[in-house]
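Worksheet: one structure, shown below.
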Amino acid sequence: MNYRIERDCRIQFPAPVREHHVQVRLAPWEDSAQALVSLDLSVSPDAIPVARYDGFGNLSHHFSVLDPHRALEFKLTAEVETRLANPFDYAAVTPARERAWLADSLHQAPRLWDFVYHQGPLTPALPAEIGGQPLPAWRDDIPVLTQVQEASAWVHAFTAFDPAAASSVAALTALFDAGHGTAADLAHLLIAVLRGWSWPARFVSGYQDPAYFEPDDEAPQGTKPRPQTLHQWVEVLIPGVGWRGFDPAFALVADDTYIRVAVGRDAGDVSPIRHTSKGTGETPELIETLSVTRLGDAASVQAMGG
Amino acid sequence: MLRQFQSSGAVQAQANGAGPAMAYHEFYGDNFRPRDHYLPMWEHIQTTGQQMLGTKAHEAHLALHTEGVTFTVYANEDEGIERVWPFDILPRIITATEWTMLEAGLKQRIRALNLFLKDLYHGQRILKDGVVPPELIYRGKDFRREIMDIDPPHDIYTHISGVDLIRDEEGRYLVLEDNLRTPSGVSYMIENRMVERRILPEFFARYKVRRVEHYPALLLQALRFLAPRGPDNATIVLLTPGIFNSAYFEHTFLAKEMGVELAEGRDLVCKNDKVYLKTTHGLRRVDVIYRRVDDDFLDPLVFRSDSALGVAGVINAWRAGNVALVNAPGSGIADDKAVYAYVPEIIRYYLGESPILQNVPTYQMTDHQDRAYVLDNMERMVIKAVAESGGYGMLMGPASTASQRTEFAKKIADNPRNYIAQPVVQLSRHICYLDGELESRHLDLRPFIIYGDDIQVVPGGLTRVALTKGSLVVNSSQGGGSKDTWVLAD
């Protein structure tokens, strides 16, 4: 599937600031499941963005505007091809061999330990049960894929995805009380469950096919689509194939309608925009728009190109 | 598993539960006779009379006061934060033979720790080979993923290290901890020597003492060596968090002695992955930053976003190879107290050599057996938070109360990775001139190691003294004092 992504961002200050440094993680990943066809990032006032990859493999850009200014704008335009039409198209490892496969993977790539060991306020160690309800526990002889899908469904049932929520509930305990949360909250809960099994799970942020923002069948006629936003989900190391995405907000497995941007231990590692400036210290206003457009499947685009 | 050196002796006996042994005495040998290398000094004191020491001690205090040699304590809000540096005039003397061994041991250790850091932030061979458990690294507070795959100039991470050494009951030097982030104390080493030379020239006349005063020159040479555009005309700055930092005296001292700019974060600015110093003549490109700002505060774009002490963009400039950062961010994982226990193995792994200097035996709280043993024997243990320094976050078992022990047991249960325990080692003792009397007090030694073109150990170091009788805590923030440290030329 091919998508065009247009992301505009304006940082507006109440009074002029200077020495403004910005780091963004908005460009799509590039790997065997996802190709970056084109990418452009423009900044105003004029600045030269520098690209680099961080320790998790995320592509980020940074730039700075030193002279006084009240507003800074940047626009990212990318075209991306997603190739994971069928996420289950691989030779599975038998359940009895899965732990050995994992041990071997961790041995070959110790950096994976980050996604096993990391605990923090967003992904804390969880008790065996919450409010009298047991959390999904590891079971021998059941394929990891099945167990992860069940855990994702459990999160989905336990806490409703609230697309209208402006900010994360953050603390998982508060999430249980609230009964609903953002996509990031649900992702953190699933990650915390999986890490409790000592299984590698990582946080993903990215874009989704515009269809996800359309009103569902039960919505009144004439309901407008939700404004497009960044989405968050979870990737789990699946024996025999590698990272696969699971989205507890929609109880789905991520396929080629999901466009990955950044991965990390939790939301803290993937912040789309980090910036710092000198001025009066007042909080700026952040105005963002996102437009993801499906361009049709790869074949038709190629045909058009040819 | 208890990690300790392969040797029998008092420390091990203690670890096995025997009672405390007698501390080694640096000054007195058998029968309370001064050791040979202290005899010339002792004879001089005998000849001139002990009251001479009182006059000299007074002069030393005045000199330190006049020169503003101070340190800062954070503890008591009612009093001023600055104190005159507490100094004992009787020097600690290390023979040339002893020093040769220490120097070789320290160089070996620093060489191995740098290879370790390079490996951790790149291929992680040591984790793949199972020599160091990945858990220690990935649960370590000071492992910085943000600097993964960055190549610091010349692959050096710890340009300046201070390694704390103690002597056990048999007089063997043991490494107590490695300080690889921004070790402080070197200015006091130099000030101690300057004061000592001025007030006790007659002592120096009897010995061939190796110099330490050239430390700033050695450091400057090492900093120049790192400059990405070459050593000539390199702009070097010392980045300080400012006047409220406990080592601010040292920052100003070193900047002055080296003739480099003392800068705060707001004096520097990054542009196109280069760092500039704001001067009255405009921006001046900076080549080397000797930063005395902790990793967390170094770059608000990468680490703590609320930091006003750092320089936004400096990590990107470092990654691009346009500036050298001294010490490299991320070095702290190698002086984590839980990783410390593995340093002997780290030396064997990277260098294929036996460690010359041994560790103090260390219990890992992540190990169930170790933990059970420590919890049963807390009165005889020193328990330390792995990422703390300066004597903070520590339980001295023998001096602890039952409620403090309960509190620490809970902390360990909550976060075992965050604590290690060591049997109490009776630090060696030395005579001190205190309130008109010669008294013995416990002490340690922090030599300073500079890694530039080559690894150099400054012949001397900071000897810290626990001024409270019987105390084993030497940190100046906790009531410690200091002595001049003499390394003999032959």
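The values are calculated or read from the model by the stated rules, or taken from the named source; none is laboratory data. Keep in mind the model is a prediction, meaning the values are calculated, not measured. Positions of Cβ are generated from backbone atoms using ideal geometry, with glycine treated the same way; all protein chains shown enter the neighbour counts.
Please work out which one of (1) assigned to a helix (DSSP H, G or I); (2) surrounded by fewer than 16 Cβ atoms within 10 Å (Cβ to Cβ); (3) within 12 Å of chain B (Cβ to nearest Cβ); (4) in contact (Cβ under 8 Å) with a residue 40 or more places away in the chain is the condition A:ALA103 fails and give its number.
For A:ALA103, the exception is condition (4).
Here are A:TRP138, A:TRP113: which of them is within 28 Å of B:PRO133 (Cα to Cα), among the aromatic types (Phe, Trp, Tyr) and away from every other protein chain (no Cβ under 14 Å)?
Numbers: A:TRP113 fails: away from every other protein chain (no Cβ under 14 Å).
One residue alone meets the criteria, A:TRP138.
Has segment B:229-248 got any residue that is at pLDDT below 95, in contact with a strand residue (DSSP E or B) (Cβ under 6 Å, 6 or more places away or on another chain) and surrounded by fewer than 19 Cβ atoms within 10 Å (Cβ to Cβ)?
Within segment B:229-248, one or more residues are at pLDDT below 95, in contact with a strand residue (DSSP E or B) (Cβ under 6 Å, 6 or more places away or on another chain) and surrounded by fewer than 19 Cβ atoms within 10 Å (Cβ to Cβ).
Residue under question is B:ASP119, and the condition is that it be touching a Lys or Arg at 6+ places or on another chain (Cβ under 7 Å), of a type in the set (D, E, K, R), on the phi < 0 side of the Ramachandran plot and surrounded by fewer than 21 Cβ atoms within 10 Å (Cβ to Cβ); does it hold?
Spelling it out, B:ASP119 is indeed touching a Lys or Arg at 6+ places or on another chain (Cβ under 7 Å), of a type in the set (D, E, K, R), on the phi < 0 side of the Ramachandran plot and surrounded by fewer than 21 Cβ atoms within 10 Å (Cβ to Cβ).
Just one of (1) within 15 Å of the chain's Cα centre (by Cα); (2) within 14 Å of chain A (Cβ to nearest Cβ) trips up B:ASP151, so point out which.
Unmet condition: (1).
Scanning for something under 20 Å from the mean Cα position of the chain (by Cα), surrounded by fewer than 24 Cβ atoms within 10 Å (Cβ to Cβ) and at pLDDT 90 or above, does segment B:467-480 turn up at least one residue?
no
Looking only at segment B:300-354, count every residue that is charged (D, E, K, R), free of Cβ contacts under 8 Å to residues at least 40 places away in the same chain and more than 25 Å from B:ASP367 (Cα to Cα) and tell me the total. Lay out the reasoning, then the answer.
Residues of segment B:300-354 charged (D, E, K, R): B:304, B:306, B:319, B:335-337, B:345, B:348, B:353.
Still in the running and free of Cβ contacts under 8 Å to residues at least 40 places away in the same chain: B:304, B:306, B:348.
After this cut, where a residue has to be more than 25 Å from B:ASP367 (Cα to Cα) as well, the list is B:304, B:306.
Residues meeting the conditions: 2.
What about B:ILE450, is it surrounded by fewer than 22 Cβ atoms within 10 Å (Cβ to Cβ) and β-branched (Val, Ile, Thr)?
Numbers: surrounded by fewer than 22 Cβ atoms within 10 Å (Cβ to Cβ): no; β-branched (Val, Ile, Thr): yes.
Here the answer is no, as B:ILE450 does not meet what is asked.
Any residue in segment A:90-99 that is surrounded by fewer than 11 Cβ atoms within 10 Å (Cβ to Cβ) and not in a helix (DSSP H, G or I)?
So the first thing to find is which residues in segment A:90-99 are surrounded by fewer than 11 Cβ atoms within 10 Å (Cβ to Cβ), and the list is A:91, A:96.
Add one more test, that the residue is not in a helix (DSSP H, G or I), and what stays is A:91.
Yes, that holds for at least one residue.
Do we find that A:PRO127 is closer than 25 Å to A:HIS231 by Cβ and assigned to a loop (DSSP other than H, G, I, E, B) in this structure? I'd like the intermediate steps shown before the answer.
Values: closer than 25 Å to A:HIS231 by Cβ: no; assigned to a loop (DSSP other than H, G, I, E, B): yes.
When the stated conditions are applied, A:PRO127 does not pass them.
If B:PHE143 passes every condition in (1) within 11 Å of chain A (Cβ to nearest Cβ); (2) modelled with pLDDT under 95; (3) within 21 Å of the chain's Cα centre (by Cα) but one, which one does it miss?
Single failed check for B:PHE143: (2).
Could you grab me the full set of residues in segment B:179-193 that are within 14 Å of B:ARG291 (Cβ to Cβ) and in contact with a Gly (Cβ under 6 Å, 6 or more places away or on another chain)?
B:ARG181, B:PRO183
Got a sec? Which of A:THR289, A:THR283 is of a type in the set (S, T, N, Q), more than 11 Å from chain B (Cβ to nearest Cβ) and within 20 Å of the chain's Cα centre (by Cα)? Give the derivation first.
Working: A:THR283 fails: within 20 Å of the chain's Cα centre (by Cα).
So the residue among A:THR289, A:THR283 that is of a type in the set (S, T, N, Q), more than 11 Å from chain B (Cβ to nearest Cβ) and within 20 Å of the chain's Cα centre (by Cα) is A:THR289.
Looking at A:GLU79, is it in contact with a Phe, Trp or Tyr (Cβ under 9 Å, 6 or more places away or on another chain), under 24 Å from A:ALA254 (Cβ atoms) and either away from chain B (no Cβ under 14 Å) or outside any loop (DSSP other than H, G, I, E, B) (or both)?
Working: in contact with a Phe, Trp or Tyr (Cβ under 9 Å, 6 or more places away or on another chain): yes; under 24 Å from A:ALA254 (Cβ atoms): yes; either away from chain B (no Cβ under 14 Å) or outside any loop (DSSP other than H, G, I, E, B) (or both): yes.
Against the criterion (in contact with a Phe, Trp or Tyr (Cβ under 9 Å, 6 or more places away or on another chain), under 24 Å from A:ALA254 (Cβ atoms) and either away from chain B (no Cβ under 14 Å) or outside any loop (DSSP other than H, G, I, E, B) (or both)), A:GLU79 qualifies.
Answer with yes or no whether B:VAL374 is modelled with pLDDT under 90, touching a strand residue (DSSP E or B) at 6+ places or on another chain (Cβ under 8 Å) and over 19 Å from B:SER161 (Cβ atoms). Explain how you work it out, then say what you get.
Working: modelled with pLDDT under 90: no; touching a strand residue (DSSP E or B) at 6+ places or on another chain (Cβ under 8 Å): yes; over 19 Å from B:SER161 (Cβ atoms): yes.
Judged against the criteria, B:VAL374 is not a match.
Can you confirm whether segment B:252-265 contains a residue that is within 11 Å of chain A (Cβ to nearest Cβ) and crowded, with 18+ Cβ neighbours inside 10 Å? Spell out how you get there, then give the answer.
Taking segment B:252-265 first, the residues within 11 Å of chain A (Cβ to nearest Cβ) are B:265.
Filter again for crowded, with 18+ Cβ neighbours inside 10 Å, leaving B:265.
Within segment B:252-265, one or more residues are within 11 Å of chain A (Cβ to nearest Cβ) and crowded, with 18+ Cβ neighbours inside 10 Å.
Can you tell me which residues in segment B:125-157 are charged (D, E, K, R) and within 28 Å of B:PHE225 (Cα to Cα)? Steps first, please.
At the first step, the residues of segment B:125-157 found to be charged (D, E, K, R) are B:125, B:128-129, B:135, B:139, B:141-142, B:144-146, B:149, B:151, B:155.
Scanning segment B:125-157 gives B:ASP142, B:ARG144, B:ARG145, B:GLU146, B:ASP149, B:ASP151, B:ASP155.
Out of segment A:25-49, which residues are at pLDDT 95 or above and among the β-branched types (Val, Ile, Thr)?
Matches in segment A:25-49: A:VAL37, A:VAL43.
Among the residues of segment B:203-232, write down those that are farther than 14 Å from B:VAL458 by Cα and of a type in the set (D, E, K, R). Don't jump to the end; show me each part of the working.
At the first step, the residues of segment B:203-232 found to be farther than 14 Å from B:VAL458 by Cα are B:203-208, B:223-232.
B:ARG206, B:LYS208, B:ARG224, B:ARG229, B:ASP232 - these are the residues of segment B:203-232 that are farther than 14 Å from B:VAL458 by Cα and of a type in the set (D, E, K, R).
Tell me which of these A:HIS61 doesn't satisfy, since it passes every other one: (1) away from chain B (no Cβ under 13 Å); (2) assigned to a strand (DSSP E or B).
Unmet condition: (1).
Within segment A:204-227, work out how many residues are in contact (Cβ under 8 Å) with a residue 40 or more places away in the chain and aromatic (Phe, Trp, Tyr).
So in segment A:204-227, the residues in contact (Cβ under 8 Å) with a residue 40 or more places away in the chain come out as A:204-212, A:226-227.
Subsequent filtering for residues that are aromatic (Phe, Trp, Tyr) retains A:207, A:212.
Residues meeting the conditions: 2.
If you take the residues of segment B:356-383 that are charged (D, E, K, R) and in contact (Cβ under 8 Å) with a residue 60 or more places away in the chain, which of them is surrounded by the fewest Cβ atoms within 10 Å (Cβ to Cβ)?
Going residue by residue through segment B:356-383, those that are charged (D, E, K, R) are B:367, B:370-371, B:376, B:379-380.
Imposing the further condition that a residue be in contact (Cβ under 8 Å) with a residue 60 or more places away in the chain reduces the set to B:367, B:370, B:380.
Values: B:ASP367: 15, B:ASP370: 20, B:ARG380: 18.
So, considering only residues that are charged (D, E, K, R) and in contact (Cβ under 8 Å) with a residue 60 or more places away in the chain, the one surrounded by the fewest Cβ atoms within 10 Å (Cβ to Cβ) is B:ASP367.
Here is a list: B:VAL195, B:VAL163, B:VAL212, B:VAL175. Which entry is assigned to a loop (DSSP other than H, G, I, E, B), crowded, with 17+ Cβ neighbours inside 10 Å and touching a residue at least 60 places away in the same chain (Cβ under 8 Å)?
Values: B:VAL195 fails: assigned to a loop (DSSP other than H, G, I, E, B); B:VAL163 fails: assigned to a loop (DSSP other than H, G, I, E, B); B:VAL175 fails: assigned to a loop (DSSP other than H, G, I, E, B).
Result: B:VAL212 is the single residue among B:VAL195, B:VAL163, B:VAL212, B:VAL175 that is assigned to a loop (DSSP other than H, G, I, E, B), crowded, with 17+ Cβ neighbours inside 10 Å and touching a residue at least 60 places away in the same chain (Cβ under 8 Å).
Looking only at segment B:283-317, which residues are under 18 Å from A:SER64 (Cα atoms), more than 12 Å from chain A (Cβ to nearest Cβ) and of a type outside the set (Lys, Arg)?
Selection gives B:VAL286, B:LEU298.
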